[in-house]
Amino acid sequence: MAVSPVLVVKADDSTVGVRARLYDDFSEHKIVLNSVITYWWANDLPAAVKFLELFDSVIKRTINEIMPHKTLDLKYDVGANQVLEKASEIEINLISVVADDVGFKIEGGSFSLNGLRKVESDFEAKEFSTSFDHVIETPDIVLKKYREMNEK
């Protein structure tokens with residue numbers, strides 16, 4: 001029986017943690033929401049869109065640290081109370097994570113975030129949902145560094 005790698009996502013009001021585990025090896029990273037949201041607000045950036053970009057990046061980095069890979073295929077559904085550029089609330093359901101044809105078991109892949117945007121008084125909720133299927137490639141030079149780190 002083969003052991004599948006595991007990706008664990010834990011979210012609370014202040015952080016989103018991503019942990020990848022393969023046998024006895026693991027890597028973990030946390031997104032500290034207050035810090036990044038404050039930065040996005042200060043720079044007038046769409047927080048929900050930026051969070052999804054950061055989430056993709058954190059998953060990629062976390063998995064690369066235990067299992068260097070060239071391509072990462074992420075599939076997830078996103079629901080929001082507005083179009084993503086204006087959303088203050090999003091719900092994410094991570095469906096699948098595959099690194100170089102190796103599938104990860106997902107634990108805790110569904111979570112929601114609130115307070116991503118300062119809500120104006122004329123705010124009118126318009127439900128929005130979409131699915132993402134991202135294939136993210138690791139540049140060869142970066143992949144080489146992860147493989148060197150992994151061999152130590």
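Just to be sure, is LYS86 open to solvent by 70 Å² or more (accessible area, probe 1.4 Å) and modelled with pLDDT of 95 or more? Lay out the reasoning, then the answer.
Values: open to solvent by 70 Å² or more (accessible area, probe 1.4 Å): yes; modelled with pLDDT of 95 or more: no.
No.
Among the residues in region 92-105, are any more than 17 Å from the chain's Cα centre (by Cα), of a type in the set (Lys, Arg) and open to solvent by 60 Å² or more (accessible area, probe 1.4 Å)?
At the first step, the residues of region 92-105 found to be more than 17 Å from the chain's Cα centre (by Cα) are 100-102.
This time we only want the ones that are of a type in the set (Lys, Arg), so: none.
Looking through region 92-105, none of the residues is more than 17 Å from the chain's Cα centre (by Cα), of a type in the set (Lys, Arg) and open to solvent by 60 Å² or more (accessible area, probe 1.4 Å).
Within region 61-88, which residues are of a type in the set (Ser, Thr, Tyr) and in contact (Cβ under 8 Å) with a residue 60 or more places away in the chain?
Kept after step one, since they are of a type in the set (Ser, Thr, Tyr), are these residues of region 61-88: 62, 71, 76, 88.
Selection gives THR71 alone.
I'd like to verify a number: residues in region 109-139 that are more than 17 Å from GLY79 (Cα to Cα), of a type in the set (Ser, Thr, Tyr) and at pLDDT 75 or above, how many?
1
Residues to consider are ALA48, ALA42; find the one that is out of contact with any Gly (no Cβ under 9 Å at 6 or more places or on another chain) and over 29 Å from MET67 (Cα atoms).
Working: ALA48 fails: over 29 Å from MET67 (Cα atoms).
Just a single option satisfies the conditions, and that option is ALA42.
Read through the list (1) without any contact (Cβ under 8 Å) to a residue 40 or more places away in the chain; (2) touching a His at 6+ places or on another chain (Cβ under 6 Å), then give the number of the only condition that VAL58 fails.
Checking VAL58 against (1) without any contact (Cβ under 8 Å) to a residue 40 or more places away in the chain; (2) touching a His at 6+ places or on another chain (Cβ under 6 Å), the one that fails is (1).
Is it the case that region 24-34 has a residue that's among the aromatic types (Phe, Trp, Tyr) and closer than 23 Å to THR138 by Cα? Talk me through it step by step, then tell me what you get.
Step one: list which residues in region 24-34 are among the aromatic types (Phe, Trp, Tyr), which gives 26.
Still in the list and also closer than 23 Å to THR138 by Cα: 26.
For region 24-34, residues among the aromatic types (Phe, Trp, Tyr) and closer than 23 Å to THR138 by Cα: present.
Which residue is most open to solvent (accessible area, probe 1.4 Å), if the candidates are limited to region 1-52 and must be of a type outside the set (Asp, Glu), farther than 22 Å from GLU91 by Cα and in a strand (DSSP E or B)? Write out each step before concluding.
Taking region 1-52 first, the residues of a type outside the set (Asp, Glu) are 1-11, 14-23, 26-27, 29-43, 45-52.
Retained after the next criterion (residues that are farther than 22 Å from GLU91 by Cα): 1-5, 21-23, 26-27, 42-43.
Subset that is in a strand (DSSP E or B): 21-22, 26-27.
Working: ARG21: 90, LEU22: 33, PHE26: 114, SER27: 8 Å².
Per the stated criteria, the residue is PHE26.
Only one of (1) hydrophobic (A, V, I, L, M, F, W, C); (2) more than 22 Å from VAL32 (Cβ to Cβ); (3) touching a helix residue (DSSP H, G or I) at 6+ places or on another chain (Cβ under 8 Å) fails for VAL83. Which number is that?
With respect to (1) hydrophobic (A, V, I, L, M, F, W, C); (2) more than 22 Å from VAL32 (Cβ to Cβ); (3) touching a helix residue (DSSP H, G or I) at 6+ places or on another chain (Cβ under 8 Å), VAL83 is out only on (3).
The values are calculated or read from the model by the stated rules, or taken from the named source; none is laboratory data. Bear in mind that the values here come from a model prediction, so they are computed numbers and not experimental data. Neighbour counts run over all protein chains shown; Cβ positions are idealised from the backbone, glycine included. Ligands, DNA and RNA are excluded from the accessible area calculation, which covers all protein heavy atoms including side chains. Shrake-Rupley method; radii C 1.70, N 1.55, O 1.52, S 1.80 Å.
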